[in-house]
Amino acid sequence: MIRMVLVRLALTIPILLGVSIVAFGLMRMLPGDFAEAAAGTTSVSAEVLATTRAQLGLDRPLWEQYGIWLKGVLTGDLGRSFATKRPVTTELLPRLAVTAELTLMAGLIAMIIGVATGLASARLRGRTDWLVRGWNSLLLAVPNFVVATLIVLVFGLYFPMIGIFNYVPFAKDPIGNIASLLLPALSLGLTVSVTISENTRAAVLEVSSQDYVMVARAKGLLARTILGNYLVRNALTPVITVTGLQLAALLGGSILIETIFTIPGMGQYLFDSVTRRDYPVIQAIVLVSSTIVLLTNVLVDIAYARVDARVSYE
Amino acid sequence: MSDAPAPKKHHRGQTMVFIGLAMLAVLLLIVVFGPSIAPYSPSKTSPNSLDGPTAMHWLGTDSIGRDLLSRLIVGGRGTLFITFVAVALALAAGLVLGLTSGYMGGKVDLIVMRILDVIFAFPVFLLAIAVVAALGPTVRNLILTIAIVYTPAMARVVRGPVLSVKRWDHVEAARSVGVGEFAIAIRHVLPMVISPILVQTSLILANTIFTVTALSFLGLGPPPPDPNWGSMLAEARQFMELAPLTVIGPAVAIIFASLTFIVLANGLRELLDVGSR
C-alpha cells in the first residue's frame with residue numbers, strides 16, 4: 001500500500017514540474033515588455049523600468065529566473081500582485097477557502113442528484129430510465145453560466161424577497177453563508193450531476209448482474225436489503241471516484257459562477273485579475289488549481305485502490 | 001450496459017444521429033448564410049432600445065436598439081466559426097500525435113504522452129482563460145487556445161484503440177507483404193479507430209461551444225462590435241431588470257448548439273457501438 005502511494009506520487013512529480021514550467025512560461029509569453037506590464041503603464045522612464053527589471057530579476061538568464069521563481073513557490077511565495085503590490089499568497093488563501101466551500105457544496109449537490117437519478121434510472125428502468133437519460137442529455141447541453149443566469153433571472157426578478165444574492169461571510173453568519181451559496185452551488189453542480197448519474201446507472205446495472213447479487217436474490221433477501229447492502233455499497237465506489245475526478249470541471253466552472261453571483265472566491269479573483277492584467281495572480285491561480293486537481297486525482301486513485309482490492313498499480 | 005437487444009439500440013442510434021444531423025444542418029445554414037438571413041444589419045441601431053419581442057423585432061432589441069434576432073444569427077456565425085476551426089485543428093493535431101504515439105510506441109509514445117499529460121493536468125477552462133488573457137482576445141488566439149486545450153483529449157482517444165489495432169492480423173499481413181509503415185498507419189490502422197474519434201469529436205464540439213461562449217461571456221471573446229452568443233448573454237444579464245426576455249435568445253441558442261453535438265455524440269455512440277468513455 002505504502003509502496004503504491006509512493007509510486008503514484010513519484011509519477012505526479014514530473015507532471016507537476018511540467019505544469020510549473022507552463023505556468024512560468026505563460027508570464028514570459030506576454031506580448032511586450034514584462035517590466036512595462038509590471039509597472040502597469042507603458043509611459044514610465046527608463047530608470048524605473050531598469051529598477052523594476054532588477055527587482056524582478058528579469059536581467060538574469062531565463063532558467064535562473066525559473067529556478068528563483070520555483071524556489072519561491074515551494075516556500076509559499078507566489079510573487080506580488082501588480083495591482084495591490086501585496087503578496088499573492090495572502091490575498092489568495094481566504095478566497096481559496098470560499099471556492100473550496102462552494103466546490104464542496106456543488107459536489108455534494110451533484111452527488112445527491114446524480115446518485116438519486118442514476119439509481120432510479122437503473123432500478124426502475126422503462127419510462128423512468130428514459131426520462132432520466134433525456135433529462136441528463138438536456139442538462140449536459142446547458143452550460144453552468146446559462147443555468148446561473150437563468151436562476152438569477154427567475155429569483156432576482158420574480159422572487160426578489162428571497163435575498164440570496166448577497167454573499168454572507170462564514171465568520172459573520174454560518175447558516176446565512178451556506179444559504180447564500182446554495183443556488184450558486186446548484187448551478188455549478190447540475191452539469192456534474194449528469195456524469196455521476198450516468199456512472200451510477202452503469203455501476204448499479206453492472207453490480208446487479210454479479211453472482212453475489214443473484215445469490216442474495218435466490219436466498220430470498222428483501223429487495224430493499226439487496227439494494228442497501230449489496231447494490232449501493234458496491235456501486236458507490238466508482239461513483240465517488242468519478243465525483244473526485246470532476247473537481248477540475250467544478251474549479252473551472254467556479255470562475256463563471258462566482259463572477260455571476262459576486263462571490264469573493266478564487267474564480268472572481270481570477271476574473272478581476274484578467275481584466276486588470278494582473279499576471280502574477282493569474283499565474284498563481286493556474287498553478288494552484290492544477291496542483292489541487294492533480295493531487296486530488298492521486299488521492300482518488302489511492303482511495304480507489306484501498307477500497308477495491310482488485311486495483312493495483314505495481 | 002443497456003439490456004435492450006442490439007437491433008433496437010441500433011435503430012435508436014440511427015434516429016438520434018438523424019436528429020443531430022438535422023440540427024447541425026440548421027447551424028451550418030447560419031454559419032454559411034448568416035448575414036443574408038438576418039432581417040436587419042446586426043450593427044444598425046434604432047431608437048427603440050431594450051424592447052421586448054414585437055412584430056418588427058421578433059426577439060426584441062438591445063440597449064442601443066439593435067435587432068437581437070439579427071445579432072443572434074450573425075453572432076452564431078462568429079461563435080460557430082471559432083468552434084469548428086478550433087476543433088478541426090485539435091482533431092488534426094490529435095490524430096497526428098495519437099496515431100504516431102500509439103503506432104510507434106516506445107520512447108516516442110512516452111515523451112508525447114507525458115507532454116500531453118501536462119496540458120491535460122490543467123482545468124480546461126482555466127488554462128483557456130490564462131492563455132487568452134496572456135495573448136489577448138482575438139479570433140486567432142481563441143482558435144489556437146481552444147485547439148491546444150483539446151488536443152490531449154483527442155490524442156488519447158486516437159491512441160487507445162491504435163495500441164490494440166496495430167497488433168491485429170490484417171496489419172501483420174500488410175507488413176509481411178511489404179507495405180510501408182506510414183501506409184499501414186493511415187490505411188490499415190486509422191480506419192479501424194474512426195468510430196471513437198467521431199464520438200469524441202462531437203463531444204469536444206459541445207465542450208468547445210461551452211468554452212467559446214463562456215470566454216465571451218467573461219469578456220474574453222472576440223472584441224466588439226462583432227456580436228457573439230456569450231457576450232450577448234452577458235449584456236442581456238446587465239439589462240435583465242429592464243428587459244428580462246432578452247436573456248432567452250442567446251441562452252436558447254447556446255443550449256441548441258451544444259445539444260446538437262450531444263445528441264450526435266450519443267447517437268453515434270449507440271449506432272457505432274462505442275463503449276461509453
Determine if the stretch A:126-143 includes at least one residue that is surrounded by 13 or more Cβ atoms within 10 Å (Cβ to Cβ), of a type in the set (Phe, Trp, Tyr) and not in a helix (DSSP H, G or I).
-> no
When the stretch B:239-258 is checked residue by residue, the ones that are within 9 Å of chain A (Cβ to nearest Cβ) and among the aromatic types (Phe, Trp, Tyr) are B:256
Specify the residue that is farthest from the chain's Cα centre (by Cα); the eligible residues are those in the stretch B:164-185 that are among the β-branched types (Val, Ile, Thr) and surrounded by 14 or more Cβ atoms within 10 Å (Cβ to Cβ).
-> B:179
Can we say residue A:83 is assigned by TED's automatic domain parsing to the domain that holds residue A:264 and small (Gly, Ala, Ser)?
-> no
Pick from the stretch B:114-156, criterion of a type in the set (S, T, N, Q) and surrounded by 19 or more Cβ atoms within 10 Å (Cβ to Cβ), ranking: nearest to the other protein chains (Cβ to nearest Cβ) | B:145
The condition of being out of contact with any Pro (no Cβ under 8 Å at 6 or more places or on another chain), in contact (Cβ under 8 Å) with a residue 60 or more places away in the chain and farther than 16 Å from residue A:274 by Cβ holds, among B:143, B:148, only for B:143
Of these, A:87, A:94, which one is modelled with pLDDT of 85 or more, over 30 Å from residue A:190 (Cβ atoms) and away from every other protein chain (no Cβ under 14 Å)?
-> A:87
Of the residues in the stretch B:218-230, those that are more than 7 Å from every other protein chain (Cβ to nearest Cβ) and touching a Phe, Trp or Tyr at 6+ places or on another chain (Cβ under 7 Å) number 1
Tell me, yes or no, whether the stretch A:296-313 has at least one residue that is touching a residue at least 24 places away in the same chain (Cβ under 8 Å), facing another protein chain (nearest Cβ under 10 Å) and either under 13 Å from the mean Cα position of the chain (by Cα) or over 30 Å from residue A:149 (Cβ atoms) (or both).
-> yes
Kindly establish whether residue B:215 is at the interface with chain A (Cβ under 8 Å from one of its Cβ atoms), under 18 Å from residue A:144 (Cβ atoms) and at pLDDT 85 or above.
-> no
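Against the definition (facing chain B (nearest Cβ under 7 Å) and without any contact (Cβ under 8 Å) to a residue 12 or more places away in the chain), how does residue A:274 come out, yes or no?
yes
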Extreme residue, farthest from residue B:211 (Cα to Cα), among residues of the stretch B:102-137 that are free of Cβ contacts under 8 Å to residues at least 60 places away in the same chain, among the small types (Gly, Ala, Ser) and part of a helix (DSSP H, G or I) = B:106
Of all residues in the stretch B:233-248, how many are touching a Leu at 6+ places or on another chain (Cβ under 7 Å) and either surrounded by 24 or more Cβ atoms within 10 Å (Cβ to Cβ) or at positive phi (or both)?
-> 1
Out of all the residues in the stretch A:248-264, is one or more of a type outside the set (A, V, I, L, M, F, W, C), within 10 Å of chain B (Cβ to nearest Cβ), out of contact with any Pro (no Cβ under 9 Å at 6 or more places or on another chain) and closer than 24 Å to residue A:17 by Cα?
-> no
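Yes or no, residue by residue, for (1) in contact with a Leu (Cβ under 9 Å, 6 or more places away or on another chain); (2) farther than 21 Å from residue B:134 by Cα:
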| site | (1), (2) |
| --- | --- |
| A:260 | no, yes |
| A:274 | yes, no |
| A:278 | no, no |
| A:290 | yes, no |
Selection from the stretch A:19-61 of residues at pLDDT 75 or above, within 14 Å of chain B (Cβ to nearest Cβ) and either surrounded by fewer than 15 Cβ atoms within 10 Å (Cβ to Cβ) or not in a helix (DSSP H, G or I) (or both) yields A:21, A:25
Pick from B:104, B:1, B:56: which is among the hydrophobic types (A, V, I, L, M, F, W, C) and modelled with pLDDT of 80 or more?
-> B:104
When you look at residue B:198, is it at the interface with another protein chain (Cβ under 10 Å from one of its Cβ atoms) and not basic (Lys, Arg), yes or no?
-> no
Got a sec? Which helices (runs of 4 or more DSSP H) wholly within the stretch A:171-290 have at least 3 residues that are β-branched (Val, Ile, Thr) and under 24 Å from the mean Cα position of the chain (by Cα)?
-> A:174-208, A:233-245, A:247-260
Hey, does the stretch A:204-215 have a residue that's in contact (Cβ under 8 Å) with a residue 40 or more places away in the chain and among the charged types (D, E, K, R)?
-> no
Filtered residue count, the stretch B:259-277, keeping only those that are more than 10 Å from chain A (Cβ to nearest Cβ) and in a loop (DSSP other than H, G, I, E, B) | 3
Among what's in the stretch B:66-106 and is out of contact with any Ser or Thr (no Cβ under 9 Å at 6 or more places or on another chain) and among the aromatic types (Phe, Trp, Tyr), pick the residue that is farthest from residue B:30 (Cα to Cα).
-> B:103
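The values are calculated or read from the model by the stated rules, or taken from the named source; none is laboratory data. Given the structure is predicted, the values throughout are model-derived calculations rather than measurements. So basically every Cβ, Gly included, is an ideal-geometry build from the backbone, and we count neighbours across all protein chains shown.
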